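Each remark here refers to the structure printed beneath this line.
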Amino acid sequence: MDAIYFIGAGGIGMSAIARYFIKQGKFVAGYDKTPSKLTEQLIKEGMHIHYEDNVDLIPEECRDPANTLVIYTPAIPETHTEREYFVRNGFNIKKRAQVLGMLTKENKGLCVAGTHGKTTTSTMCAHIMHQSHLDCNAFLGGISKNYGTNYILSDTSEFVVIEADEFDRSFHWLRPWMSVITSSDPDHLDIYGTKEAYLESFHHYTTLIQPGGALIIHTGLEMKAEVPEGVKTYTYGVEAGDFHAENIKIENGEITFDLISPVENVTNIRLGQPVPINIDNGIGAMAMAQLNGCTPDELRKGMETYKGVDRRFDFALRDEKHVVISDYAHHPKEIYQSAKSIKQVYNNRHITAIFQPHLYTRTRDFYKDFAEALSQLDEVILCDIYPARELPIPGVTSQLIYDRLAPGVKKQMIKKDEVLDFIKSRDFDVLVILGAGDLDNYVPEITKIIQEK
């Protein structure tokens with residue numbers, strides 16, 4: 001295939017594969033609904049992108065079924081005009097996950113699955129591997145601050161690090177050599193229907209690991225694991241597991257600990273992004289890297305030089321007077337862990353969260369859990385729900401969360417377009433912008449307003 005066409009080109013996962021094919025010298029084009037920094041960057045790198053669902057805008061180079069691979073994201077409906085055109089004319093059409101599955105069959109796939117923690121853990125593992133003697137390719141679900149991209153390419157390495165996405169059962173296309181599973185708290189119930197179906201999906205995923213490989217699963221998960229014969233199973237966690245931490249020290253803005261490992265213990269590990277939750281993420285990442293041959297010095301260097309992921313506990317401002325953090329957390333357990341980490345780092349300081357719930361179905365299913373997680377903080381500002389791919393559900397609004405916040409939590413409801421005026425009207429100590437919607441677009445302006453006070 002000389003031409004690759006993407007329907008939903010600007011998604012974080014889709015763009016990584018687009019970059020892979022651009023690097024291979026293919027003609028790469030596609031559609032996305034709206035322009036973004038990511039689509040602008042892809043265009044600079046050589047991709048042809050348009051923003052209207054219009055068959056006439058498909059480049060001539062992508063109109064030969066025998067020579068064009070079409071890749072689409074599950075968020076694109078079957079009624080999408082361009083998708084209908086490609087189906088009707090017999091093109092080779094694959095989901096993004098199917099393409100990643102092809103890569104895991106051709107290489108040693110190091111996959112990270114989980115309801116939350118998978119983006120950070122996979123990006124950590126990719127950084128450790130890339131700066132080691134092993135190197136790797138990587139397809140990530142977030143923009144690595146070390147590389148300014150969600151994609152790493154190696155001309156020599158047999159390893160490919162992949163974020164294994166459970167949405168729409170996409171990770172069932174993968175054939176991992178090894179996999180970390182960070183968590184299995186039910187999510188995407190609009191797709192799965194029940195908690196039991198969600199957990200069964202993770203169970204099935206564990207049966208796909210290749211013989212000779214390994215499963216590294218977080219301690220205490222409710223899901224059932226069933227690996228093929230010849231696959232080793234390990235556990236990990238901060239306090240318990242085959243891989244765990246000892247001698248944890250959190251002081252003066254730094255975090256150090258020792259990795260206790262069945263392969264070889266590694267002492268004096270220093271986190272380059274000193275956030276308590278990254279102890280947990282780092283143990284999972286180092287376990288997979290170490291099982292594939294990374295040395296103690298390579299593990300130490302990788303963890304100390306890891307800079308983080310855009311929108312994952314991302315410090316937009318950090319000085320003596322103010323702290324502004326942007327965090328993609330959009331599931332109650334993610335928010336719980338994020339809030340817990342912020343409180344550990346900034347205890348005795350006033351912490352305010354502005355939260356934009358993501359999806360009507362997720363809000364409907366977990367509003368009580370959202371309220372409980374957010375109630376750890378001193379003040380909660382709730383915006384309207386970000387709908388993404390969904391239509392409104394009667395009676396499902398941010399008010400459901402607002403009404404159940406714990407007594408004593410200062411709270412307020414505002415519209416998204418009121419956020420900047422709200423920031424101007426108040427002073428803040430520690431401010432965190434939470435959610436997977438578009439509120440993050442305001443973070444640069446929010447930071448500027450706070451800096452100028």
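The values are calculated or read from the model by the stated rules, or taken from the named source; none is laboratory data. Bear in mind the structure is a predicted one, so any value in this text is a computation, not a measurement. Ideal geometry is used to build each Cβ from the backbone, glycine not excepted, and the neighbour counts take in all protein chains shown. Accessible surface is based on the protein model in full, side chains and every heavy atom, while ligands, DNA and RNA are left aside. Shrake-Rupley method; radii C 1.70, N 1.55, O 1.52, S 1.80 Å.
At-a-glance table
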read-out: Extension gain (nm, one decimal) between Gln41 and Glu60, 0.36 nm per residue minus Cα-Cα; value: 4.6 nm
read-out: Distance between modelled label sites at Tyr85 and Asp378, nm, 7 Å Cα→Cβ extension; value: 5.5 nm
read-out: Accessible area per residue, Å², the chain with all protein chains present, probe 1.4 Å; value: 42 Å²
read-out: Cα-based shape type of the stretch 356-434, given that a ≥ b ≥ c are square roots of the gyration tensor eigenvalues and the cut on a/c is 1.5; value: oblate
read-out: Nearest-20 debye value, the stretch 372-450 charge dipole, Cβ charges on Lys, Arg, Asp, Glu; value: 80 debye
read-out: FRET efficiency for Lys249 and Lys410, using Cβ-Cβ distance with R0 set to 35 Å, rounded to 0.05; value: 0.60
read-out: Set Lys249/Lys301; Lys37/Lys448; Lys95/Lys416; Lys108/Lys232; Lys368/Lys411; Lys145/Lys249 screened for pairs whose C-alpha atoms are more than 21 Å apart; value: Lys95/Lys416; Lys145/Lys249
read-out: Residue among Tyr336, Val28, His116 farthest towards the positive dipole end of the chain, charges placed on Cβ; value: Tyr336
read-out: Vicinal HN-Hα couplings computed from phi for the stretch 48-64 (Karplus, 6.51 cos²θ - 1.76 cosθ + 1.60; Hz; Gly/Pro x); value: 9, 10, 10, 10, 10, 6, 8, 4, 5, 8, 5, x, 4, 4, 10, 10, 9
read-out: Whole-Hz ³J(HN,Hα) from phi, Karplus 6.51 cos²θ - 1.76 cosθ + 1.60, for the stretch 406-419, glycine and proline x; value: 5, x, x, 7, 5, 8, 7, 10, 9, 7, 4, 6, 9, 4
read-out: DSSP-loop GluC sites (Glu not before Pro) across the stretch 238-295, with at most 16 other Cβ within 10 angstrom; value: Glu239, Glu264
read-out: Extension gain, Asp417 back to Thr295 (0.36 nm per residue minus Cα-Cα distance, nm); value: 38.9 nm
read-out: Farthest positive-ward along the stretch 332-453 dipole, Cα basis, beta-carbon charges - from Tyr367, Thr352, Pro407; value: Pro407
read-out: Amide hydrogen neighbours beyond the local backbone of Lys108, cut-off 5 Å, H modeled; value: Phe159, Val160
read-out: Residue-wise HN-Hα coupling along the stretch 118-132, computed from phi with Karplus coefficients 6.51, -1.76, 1.60 (Hz; x: Gly, Pro); value: 6, 5, 5, 5, 5, 5, 4, 4, 4, 5, 4, 5, 5, 8, 8
read-out: Accessible surface of the chain [probe 1.4 Å, protein heavy atoms]: carbon and sulfur percent; value: 46 percent
read-out: Unit charges on C-beta of K, R, D, E only; dipole of the stretch 27-97, Debye; value: 340 debye
read-out: Among (1) 33, 29, 21; (2) 45, 28, 19; (3) 48, 23, 20, the entry that matches semi-axes √(5λ) of the Cα gyration tensor in Å as calculated here; value: (1)
read-out: Largest-first ordering by accessible area, 1.4 Å probe, given options Arg349, Arg404; value: Arg404, Arg349
read-out: Residue-averaged [θ]222 nm for the chain, counting only DSSP H segments that reach four residues, each worth -39500 (n - 2.57); value: -9000 deg cm²/dmol
read-out: Accessible area, probe 1.4 Å, largest first, for residues Phe27, Phe91; value: Phe27, Phe91
read-out: Which of His127, Leu103, Val180, positive extreme of dipole for the chain (C-beta unit charges); value: His127
read-out: The stretch 395-445: C-alpha gyration tensor shape, a/c 1.5 cut-off, then a/b vs b/c; value: oblate
read-out: The chain, relative contact order in percent, only Cα pairs under 8 angstrom and at least six apart counted; value: 11 percent
